[in-house]
1. At 7 Å along the Cα-to-beta-carbon direction for both residue 240 and residue 302, put a label point, then send me their distance in nm to one decimal.
2. Of all accessible surface on the chain at a 1.4 Å probe, what whole percent is carbon and sulfur?
3. Can you give the calculated 222 nm mean residue ellipticity of the chain, where each DSSP H run of n ≥ 4 adds -39,500 (n - 2.57) and the sum is split over every residue, rounded to the nearest 500 deg cm²/dmol?
4. Which residue, 169, 251, 104, tops the fluctuation ranking in a GNM of the chain built on C-alpha contacts under 10 Å?
5. Could you give the dipole magnitude of the chain about its Cα centre, charging the beta-carbon of Lys and Arg +1 and that of Asp and Glu -1, in debye to the nearest 20?
6. Test of understanding: in a Gaussian network model of the chain with alpha carbons linked when under 10 Å, which of 165, 152, 225 would top the mean-square fluctuation ranking?
7. Just to be sure I understand: of the beta bridges DSSP finds with both ends in the chain, what percent are antiparallel, rounded to 5?
8. In terms of the Cα gyration tensor, with a ≥ b ≥ c the square roots of its eigenvalues, is segment 175-316 rounded because a/c is under 1.5, prolate because a/b exceeds b/c, or oblate?
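The values are calculated or read from the model by the stated rules, or taken from the named source; none is laboratory data. These figures come from a predicted structure and were not determined experimentally. For neighbour counting, all protein chains shown are included, and Cβ atoms are generated from backbone atoms with ideal geometry for every residue, glycine included. Areas reflect the complete protein model, heavy atoms only, side chains present, ligands, DNA and RNA absent. Shrake-Rupley method; radii C 1.70, N 1.55, O 1.52, S 1.80 Å.
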Amino acid sequence: MKLMNSLLSGAALAFTMSLAGPAAAQECARGDLDERYCDINGDLIADTPTDPAELVDPDTLVFAYTPVEDPAVYKTAWSDFLTHLEKETGKSVVFFPVQNNAAQIEAMRSGRLHIAGFNTGSNPLAVNCAGFNPFTIMASKDGNFGYEMEIITYPGSGIEKVEDIKGKQLAFTSPTSNSGFKAPSAILKGDFDLLPDRDFEPVYSGKHDNSILGVANKDYMAASIANSVKARMLSRDVITEDQVKVIYKSQTFPTTGFGTAHNLTPELKDKIRNAFFNFEWEGTTLQAEFEKSNEGQFLPMTYQEFWEVIRKIDAANGVSYSCE
(Lines give C-alpha, C1' and ligand atoms only; values in the text may rest on other atoms or scores of the structure.)
Protein backbone atom coordinates (compact mmCIF):
# COMPACT_ATOMS: atom_id res chain seq x y z
CA MET A 1 0.00 0.00 0.00
CA LYS A 2 1.24 3.49 -0.81
CA LEU A 3 0.33 6.96 0.40
CA MET A 4 -0.47 9.50 -2.29
CA ASN A 5 0.60 12.99 -1.24
CA SER A 6 -1.46 14.87 -3.81
CA LEU A 7 -4.47 13.65 -5.74
CA LEU A 8 -7.69 15.47 -5.01
CA SER A 9 -7.95 19.17 -5.75
CA GLY A 10 -9.93 21.38 -3.40
CA ALA A 11 -13.45 22.33 -4.37
CA ALA A 12 -16.01 24.68 -2.94
CA LEU A 13 -18.73 23.00 -0.95
CA ALA A 14 -22.17 23.51 -2.43
CA PHE A 15 -25.40 21.66 -2.93
CA THR A 16 -25.25 22.46 -6.64
CA MET A 17 -21.82 21.38 -7.80
CA SER A 18 -19.97 22.35 -10.95
CA LEU A 19 -17.77 19.35 -11.68
CA ALA A 20 -15.55 18.71 -14.64
CA GLY A 21 -15.12 15.46 -16.53
CA PRO A 22 -15.79 13.97 -19.95
CA ALA A 23 -19.11 12.29 -20.62
CA ALA A 24 -21.78 12.45 -23.24
CA ALA A 25 -25.46 12.59 -22.38
CA GLN A 26 -27.29 9.35 -23.05
CA GLU A 27 -30.91 8.71 -23.88
CA CYS A 28 -31.97 6.47 -21.03
CA ALA A 29 -33.89 6.33 -17.78
CA ARG A 30 -31.87 8.02 -15.02
CA GLY A 31 -34.11 9.53 -12.34
CA ASP A 32 -32.10 12.13 -10.41
CA LEU A 33 -28.77 10.94 -11.82
CA ASP A 34 -26.60 13.30 -13.84
CA GLU A 35 -27.08 13.04 -17.60
CA ARG A 36 -23.86 11.08 -18.05
CA TYR A 37 -25.34 8.09 -16.15
CA CYS A 38 -28.19 5.64 -16.75
CA ASP A 39 -30.41 3.77 -14.30
CA ILE A 40 -32.27 1.23 -16.40
CA ASN A 41 -33.04 -1.11 -13.49
CA GLY A 42 -34.43 1.68 -11.27
CA ASP A 43 -32.20 1.05 -8.24
CA LEU A 44 -31.30 4.78 -8.06
CA ILE A 45 -27.58 4.24 -8.74
CA ALA A 46 -25.64 4.50 -12.01
CA ASP A 47 -25.58 1.34 -14.13
CA THR A 48 -22.32 -0.28 -15.16
CA PRO A 49 -21.64 0.87 -18.75
CA THR A 50 -22.58 -1.66 -21.44
CA ASP A 51 -19.93 -0.33 -23.83
CA PRO A 52 -16.60 -2.08 -23.04
CA ALA A 53 -14.76 1.08 -24.12
CA GLU A 54 -16.27 2.93 -21.16
CA LEU A 55 -15.09 0.41 -18.56
CA VAL A 56 -11.88 0.90 -16.58
CA ASP A 57 -9.56 -1.65 -14.98
CA PRO A 58 -6.70 0.41 -13.49
CA ASP A 59 -3.43 -1.12 -12.32
CA THR A 60 -3.53 1.10 -9.23
CA LEU A 61 -6.71 1.60 -7.22
CA VAL A 62 -7.29 4.79 -5.26
CA PHE A 63 -9.25 4.63 -1.98
CA ALA A 64 -10.51 7.58 0.07
CA TYR A 65 -12.35 7.61 3.39
CA THR A 66 -14.78 10.37 4.30
CA PRO A 67 -13.04 13.47 5.72
CA VAL A 68 -13.67 13.22 9.45
CA GLU A 69 -11.19 13.80 12.27
CA ASP A 70 -7.43 13.66 11.70
CA PRO A 71 -6.69 12.06 8.29
CA ALA A 72 -3.46 10.58 9.67
CA VAL A 73 -5.52 8.47 12.09
CA TYR A 74 -7.32 6.81 9.19
CA LYS A 75 -4.21 6.19 7.13
CA THR A 76 -3.21 3.80 9.92
CA ALA A 77 -6.72 2.51 10.60
CA TRP A 78 -7.28 1.38 7.00
CA SER A 79 -3.79 -0.04 6.40
CA ASP A 80 -4.61 -3.71 7.12
CA PHE A 81 -7.80 -3.59 5.08
CA LEU A 82 -6.06 -2.04 2.09
CA THR A 83 -3.34 -4.68 2.24
CA HIS A 84 -6.15 -7.25 2.13
CA LEU A 85 -7.71 -5.37 -0.81
CA GLU A 86 -4.42 -5.58 -2.69
CA LYS A 87 -4.32 -9.35 -2.23
CA GLU A 88 -7.94 -9.79 -3.33
CA THR A 89 -7.64 -7.63 -6.44
CA GLY A 90 -4.00 -8.24 -7.38
CA LYS A 91 -3.53 -4.47 -7.71
CA SER A 92 -1.70 -1.73 -5.88
CA VAL A 93 -3.91 0.38 -3.63
CA VAL A 94 -3.31 4.04 -2.83
CA PHE A 95 -4.85 5.67 0.25
CA PHE A 96 -5.56 9.38 0.10
CA PRO A 97 -6.53 11.30 3.28
CA VAL A 98 -9.18 13.47 1.63
CA GLN A 99 -9.67 16.95 3.04
CA ASN A 100 -13.25 17.77 2.07
CA ASN A 101 -16.40 16.17 0.69
CA ALA A 102 -16.58 18.17 -2.53
CA ALA A 103 -13.04 17.21 -3.57
CA GLN A 104 -13.82 13.55 -2.88
CA ILE A 105 -16.94 13.69 -5.06
CA GLU A 106 -15.13 15.58 -7.82
CA ALA A 107 -12.31 13.02 -7.84
CA MET A 108 -14.71 10.12 -8.41
CA ARG A 109 -16.66 12.00 -11.06
CA SER A 110 -13.44 12.74 -12.97
CA GLY A 111 -12.22 9.14 -12.75
CA ARG A 112 -9.39 9.68 -10.25
CA LEU A 113 -11.05 7.83 -7.35
CA HIS A 114 -12.14 4.20 -7.58
CA ILE A 115 -13.19 3.04 -4.10
CA ALA A 116 -14.52 5.26 -1.35
CA GLY A 117 -16.42 5.71 1.84
CA PHE A 118 -18.71 8.73 1.49
CA ASN A 119 -20.35 10.10 4.61
CA THR A 120 -24.08 9.88 5.17
CA GLY A 121 -24.97 13.32 3.87
CA SER A 122 -22.72 13.33 0.81
CA ASN A 123 -23.79 9.86 -0.39
CA PRO A 124 -26.70 11.21 -2.50
CA LEU A 125 -24.45 13.77 -4.18
CA ALA A 126 -21.78 11.13 -4.82
CA VAL A 127 -24.39 8.75 -6.25
CA ASN A 128 -26.08 11.32 -8.48
CA CYS A 129 -23.13 13.49 -9.51
CA ALA A 130 -20.20 11.06 -9.46
CA GLY A 131 -21.70 7.68 -10.33
CA PHE A 132 -20.88 6.24 -6.91
CA ASN A 133 -22.15 2.66 -6.39
CA PRO A 134 -22.41 2.08 -2.62
CA PHE A 135 -23.00 -1.48 -1.41
CA THR A 136 -21.95 -1.74 2.23
CA ILE A 137 -21.82 0.03 5.58
CA MET A 138 -20.10 -0.82 8.84
CA ALA A 139 -22.17 -2.54 11.51
CA SER A 140 -21.70 -4.10 14.92
CA LYS A 141 -21.02 -7.82 15.14
CA ASP A 142 -24.70 -8.45 15.92
CA GLY A 143 -25.80 -6.54 12.81
CA ASN A 144 -26.85 -3.23 14.34
CA PHE A 145 -25.74 -0.14 12.46
CA GLY A 146 -26.06 3.59 12.33
CA TYR A 147 -25.43 6.67 14.43
CA GLU A 148 -27.41 9.57 15.79
CA MET A 149 -27.14 13.30 15.28
CA GLU A 150 -26.59 15.03 18.58
CA ILE A 151 -26.69 18.69 19.49
CA ILE A 152 -24.09 19.22 22.16
CA THR A 153 -23.01 22.10 24.35
CA TYR A 154 -20.64 22.53 27.29
CA PRO A 155 -21.61 22.69 30.97
CA GLY A 156 -22.30 26.26 32.00
CA SER A 157 -23.06 27.50 28.49
CA GLY A 158 -26.56 28.59 29.47
CA ILE A 159 -28.03 26.14 26.96
CA GLU A 160 -30.08 23.44 28.69
CA LYS A 161 -32.50 22.55 25.89
CA VAL A 162 -32.79 23.08 22.15
CA GLU A 163 -34.99 26.16 22.54
CA ASP A 164 -32.16 27.87 24.43
CA ILE A 165 -30.13 28.06 21.21
CA LYS A 166 -32.30 31.01 20.15
CA GLY A 167 -30.22 34.16 20.16
CA LYS A 168 -27.00 32.19 20.50
CA GLN A 169 -24.54 30.36 18.25
CA LEU A 170 -24.69 26.88 16.70
CA ALA A 171 -21.80 25.25 14.86
CA PHE A 172 -22.50 23.15 11.77
CA THR A 173 -19.79 21.16 10.00
CA SER A 174 -20.41 21.56 6.24
CA PRO A 175 -23.47 21.81 3.97
CA THR A 176 -23.02 18.26 2.63
CA SER A 177 -23.03 16.64 6.08
CA ASN A 178 -26.21 14.90 7.24
CA SER A 179 -25.67 15.16 11.01
CA GLY A 180 -23.50 18.25 10.71
CA PHE A 181 -26.04 20.31 8.76
CA LYS A 182 -28.93 18.70 6.84
CA ALA A 183 -30.67 16.78 9.64
CA PRO A 184 -30.34 19.48 12.31
CA SER A 185 -31.52 22.14 9.85
CA ALA A 186 -34.68 20.14 9.08
CA ILE A 187 -35.29 19.27 12.75
CA LEU A 188 -34.66 22.77 14.08
CA LYS A 189 -37.02 24.23 11.48
CA GLY A 190 -39.74 21.58 11.66
CA ASP A 191 -39.80 20.78 15.38
CA PHE A 192 -38.57 23.98 17.03
CA ASP A 193 -39.25 26.78 14.50
CA LEU A 194 -35.59 27.80 14.66
CA LEU A 195 -33.90 29.15 11.55
CA PRO A 196 -30.25 30.10 11.04
CA ASP A 197 -29.54 33.85 10.94
CA ARG A 198 -33.11 34.63 12.00
CA ASP A 199 -32.99 32.82 15.34
CA PHE A 200 -29.35 31.88 15.91
CA GLU A 201 -25.90 32.52 14.52
CA PRO A 202 -24.70 29.65 12.31
CA VAL A 203 -20.96 28.98 12.02
CA TYR A 204 -19.15 26.25 10.07
CA SER A 205 -16.30 24.22 11.53
CA GLY A 206 -15.52 22.07 8.47
CA LYS A 207 -15.48 18.70 10.25
CA HIS A 208 -17.11 16.89 13.16
CA ASP A 209 -13.96 16.73 15.27
CA ASN A 210 -13.54 20.49 14.87
CA SER A 211 -17.09 21.04 16.14
CA ILE A 212 -16.68 18.63 19.05
CA LEU A 213 -13.32 20.10 20.08
CA GLY A 214 -14.75 23.59 19.63
CA VAL A 215 -17.55 22.88 22.10
CA ALA A 216 -15.25 21.04 24.53
CA ASN A 217 -12.87 24.01 24.50
CA LYS A 218 -15.77 26.50 24.73
CA ASP A 219 -15.02 28.05 21.33
CA TYR A 220 -18.54 27.12 20.14
CA MET A 221 -21.58 27.38 22.39
CA ALA A 222 -23.28 24.41 20.72
CA ALA A 223 -22.80 22.12 17.73
CA SER A 224 -24.61 19.45 15.75
CA ILE A 225 -22.43 16.35 15.39
CA ALA A 226 -22.37 12.62 14.65
CA ASN A 227 -22.18 10.74 17.94
CA SER A 228 -20.09 7.98 16.34
CA VAL A 229 -17.27 10.49 15.85
CA LYS A 230 -17.69 11.70 19.42
CA ALA A 231 -17.49 8.11 20.70
CA ARG A 232 -14.17 7.51 18.93
CA MET A 233 -12.76 10.79 20.22
CA LEU A 234 -13.77 9.85 23.76
CA SER A 235 -12.12 6.45 23.34
CA ARG A 236 -8.87 8.11 22.28
CA ASP A 237 -9.09 10.59 25.19
CA VAL A 238 -9.20 13.52 22.79
CA ILE A 239 -12.05 14.88 24.93
CA THR A 240 -13.60 13.79 28.23
CA GLU A 241 -17.24 13.13 29.07
CA ASP A 242 -17.46 16.12 31.42
CA GLN A 243 -16.49 18.59 28.69
CA VAL A 244 -19.69 18.20 26.65
CA LYS A 245 -23.35 17.45 27.28
CA VAL A 246 -26.09 16.33 24.92
CA ILE A 247 -29.30 18.35 24.62
CA TYR A 248 -30.78 16.54 21.61
CA LYS A 249 -30.45 13.09 20.07
CA SER A 250 -32.04 12.15 16.73
CA GLN A 251 -33.32 8.96 15.23
CA THR A 252 -30.69 6.53 13.91
CA PHE A 253 -29.17 7.26 10.49
CA PRO A 254 -27.04 5.02 8.24
CA THR A 255 -23.29 5.46 8.59
CA THR A 256 -20.67 5.99 5.90
CA GLY A 257 -21.51 4.13 2.69
CA PHE A 258 -18.69 2.24 0.95
CA GLY A 259 -18.59 1.36 -2.71
CA THR A 260 -16.97 1.84 -6.09
CA ALA A 261 -17.03 4.01 -9.16
CA HIS A 262 -19.79 2.86 -11.51
CA ASN A 263 -17.50 2.21 -14.49
CA LEU A 264 -15.06 -0.32 -13.04
CA THR A 265 -15.21 -3.65 -14.85
CA PRO A 266 -17.78 -6.06 -13.38
CA GLU A 267 -14.98 -8.52 -12.54
CA LEU A 268 -13.07 -5.87 -10.60
CA LYS A 269 -16.22 -4.71 -8.82
CA ASP A 270 -16.83 -8.29 -7.70
CA LYS A 271 -13.30 -8.62 -6.34
CA ILE A 272 -13.63 -5.36 -4.41
CA ARG A 273 -17.02 -6.35 -3.05
CA ASN A 274 -15.67 -9.73 -1.95
CA ALA A 275 -12.72 -8.03 -0.25
CA PHE A 276 -15.10 -6.05 1.96
CA PHE A 277 -17.24 -9.03 2.88
CA ASN A 278 -14.49 -11.61 3.48
CA PHE A 279 -12.25 -9.29 5.49
CA GLU A 280 -11.38 -10.74 8.90
CA TRP A 281 -11.54 -7.87 11.40
CA GLU A 282 -10.04 -9.61 14.42
CA GLY A 283 -6.68 -8.16 15.42
CA THR A 284 -6.53 -5.60 12.60
CA THR A 285 -5.95 -1.86 12.57
CA LEU A 286 -9.51 -1.43 11.31
CA GLN A 287 -10.90 -3.22 14.34
CA ALA A 288 -8.67 -1.22 16.68
CA GLU A 289 -10.16 2.05 15.44
CA PHE A 290 -13.78 1.23 14.69
CA GLU A 291 -14.58 -1.00 17.64
CA LYS A 292 -14.52 2.30 19.52
CA SER A 293 -17.89 3.01 17.89
CA ASN A 294 -19.01 -0.63 18.21
CA GLU A 295 -18.40 -1.58 14.57
CA GLY A 296 -17.00 -4.94 13.58
CA GLN A 297 -18.23 -6.04 10.14
CA PHE A 298 -19.26 -4.83 6.69
CA LEU A 299 -23.00 -5.22 6.15
CA PRO A 300 -24.54 -5.47 2.66
CA MET A 301 -26.96 -2.64 1.88
CA THR A 302 -28.70 -0.82 -0.94
CA TYR A 303 -28.73 2.93 -1.42
CA GLN A 304 -32.38 2.76 -2.46
CA GLU A 305 -33.48 1.36 0.91
CA PHE A 306 -30.92 2.52 3.46
CA TRP A 307 -30.72 6.15 2.27
CA GLU A 308 -34.46 6.75 1.94
CA VAL A 309 -34.60 8.79 5.17
CA ILE A 310 -31.63 10.91 4.03
CA ARG A 311 -33.28 11.65 0.69
CA LYS A 312 -36.40 12.74 2.60
CA ILE A 313 -34.31 15.10 4.75
CA ASP A 314 -32.73 16.53 1.61
CA ALA A 315 -36.17 17.05 0.08
CA ALA A 316 -37.35 18.83 3.24
CA ASN A 317 -34.32 21.12 3.02
CA GLY A 318 -34.88 21.83 -0.66
CA VAL A 319 -31.59 20.18 -1.63
CA SER A 320 -31.04 19.61 -5.35
CA TYR A 321 -28.74 16.92 -6.71
CA SER A 322 -28.02 19.01 -9.80
CA CYS A 323 -24.36 18.83 -10.80
CA GLU A 324 -24.08 21.85 -13.09
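1. 4.9
2. Working: 6320 of 13350 Å².
Exposed carbon and sulfur together represent 47 percent of the surface.
3. Values: 11 runs with 94 residues, N = 324.
About -8000 deg cm²/dmol.
4. 251
5. Working: 28 positive and 44 negative charges, 106 e Å.
That gives a dipole near 500 debye.
6. Taking springs between Cα atoms under 10 Å, the residue moving most is 165.
7. Working: 24 of 41 bridges.
Close to 60 percent.
8. Values: a/c = 2.61, a/b = 1.43, b/c = 1.82.
Oblate.
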